[in-house]
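Report on the structure given below.
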Amino acid sequence: MIEPGPLLSLIGTLVRFTTFTAMAVLVGAATWRWAMRGAEPASDSPWGTPRRWGMLAAALLVPLAAARFGVLLVEFRDPMETWGEAAAIVATLPTARVWMWQAVIAGVTALALVARVWSFATLGALALSFIPALSGHAMAVSPGRNWAVALDGAHVIGAGLWIGTLALLSVRLRHGPVLPAGSGPGLVRRFSPLALAGAGVVVATGVIGTLLHLDLAGGVALLGNDWVRVLLAKTAVVGGVALLGFLNWRRATPDYEASDEPTGILRTMRIELALGGLAFLLAAVLVVMSPPG
Ligand code: HEM
């Protein structure tokens, strides 16, 4: 095993970030199908549709699984071994098996979306949300490993429900088929309770997950731990997303309803999405650091 250099760490972080983002978009696409579509006119367009974004996200998760395997292989390989020997050993690790399942489930989910079999695609999106937990810190929680995995999976699903659906909504308002007068604000109104539910799940599972990983008896000394600092930064960023969401609900949505012009609400949504992306990036950094517990 070699110490990962800065370049390999950066590649690993980017692969995890893209993986989390793709999972969120996929959950967002499933959310759209079951909870948003009723408010949308039936027309179709090549890239404005959540189904296509879901397909793209699912398809991307296949090479991303291979990329995670590749990063681990480079980290793990002993210079005395050939690449083939090292790959054969890495393939037997439990985490590598989890990524193999990621590739298989993501491939099947992408095909289900091509065939418009939404029930199957939704099951695929839900199953994929548990992949980070099954290959991360949750597996090291003892006792209570199953609870930790369930919480982490729900955390990723909540993030998709909130941030993934928001991303699809902003694309839909800007690039989708032209919306009949008044139906854009209808979509935004329909999204509000979903965002609230997603944010509630993310915060609840995030807080309980945090308590599983650290012992608060450590007091202020915990602030010296890098995992805790990154988690605090992430929590501050999430606070920013929640605040913007609140402003969208109280101010930008009524303005949009009055004018039927999405420019103002899209501006706030983009900042929300940028901060949501930052939360995914900080999560990608967090999951390879050592929690104090
Ligand atoms: C926009 C909001 C948020 C997003 C998009 C988000 C996203 C994520 C993602 C994708 C993971 C990786 C899951 C895994 O590896 O199993 C994660 C892990 C985690 N998140 Fe969040 N999260 C958010 C908010 C929060 C909040 C508010 C808290 C706590 C107060 C929190 C605490 C955690 C913890 C403790 C972990 C596990 C870290 C580890 O395994 O080392 N998250 N988050």
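The values are calculated or read from the model by the stated rules, or taken from the named source; none is laboratory data. It should be emphasised that the depicted structure is a prediction, and the values quoted were computed from it without experimental measurement. Here Cβ is always computed from backbone atoms with ideal geometry, including for glycine, and neighbour counts include all displayed protein chains. Calculation scope for accessible area: heavy atoms of the full protein, side chains included, ligands and nucleic acids excluded. Shrake-Rupley method; radii C 1.70, N 1.55, O 1.52, S 1.80 Å.
Checking A221, A233, A274 one by one, the residue that is farther than 24 Å from A138 by Cβ, within 18 Å of the chain's Cα centre (by Cα) and small (G, A, S) is A274 and no other. Scanning the range 156-202 for residues that are surrounded by fewer than 22 Cβ atoms within 10 Å (Cβ to Cβ), of a type outside the set (G, A, S) and under 14 Å from the mean Cα position of the chain (by Cα) returns a single hit, V201. Of all residues in the range 188-203, those that are over 13 Å from A154 (Cβ atoms) have Cβ atoms under 7 Å from Cβ atoms of residues that are among the polar types (S, T, N, Q), 6 or more apart or on another chain, in V188/T253; R189/T253; F191/T165; L194/T31; L194/T165. Restricted to the range 220-233, and to residues there that are open to solvent by 40 Å² or more (accessible area, probe 1.4 Å) and free of Cβ contacts under 8 Å to residues at least 60 places away in the same chain, the residue that is nearest to the ligand (Cβ to nearest atom) is L232.
With a requirement of 2 or more residues that are free of Cβ contacts under 8 Å to residues at least 24 places away in the same chain and among the basic types (K, R), none of the helices (runs of 4 or more DSSP H) lying completely within the range 101-169 satisfies it.
Within the range 156-195, the set of residues being at pLDDT below 95 and within 12 Å of the ligand (Cβ to nearest atom) is empty.
The number of residues in the range 121-151 being under 21 Å from A29 (Cα atoms), open to solvent by 50 Å² or more (accessible area, probe 1.4 Å) and within 13 Å of the ligand (Cβ to nearest atom) comes to 1. Provide a single number: the residues in the range 253-293 that are of a type in the set (A, V, I, L, M) and more than 10 Å from the ligand (Cβ to nearest atom). Number of matching residues: 7. When you check L212 against the structure, is it open to solvent by 40 Å² or more (accessible area, probe 1.4 Å), under 20 Å from A284 (Cβ atoms), of a type in the set (A, V, I, L, M) and at pLDDT below 95, yes or no? For L212, the condition - open to solvent by 40 Å² or more (accessible area, probe 1.4 Å), under 20 Å from A284 (Cβ atoms), of a type in the set (A, V, I, L, M) and at pLDDT below 95 - is met.
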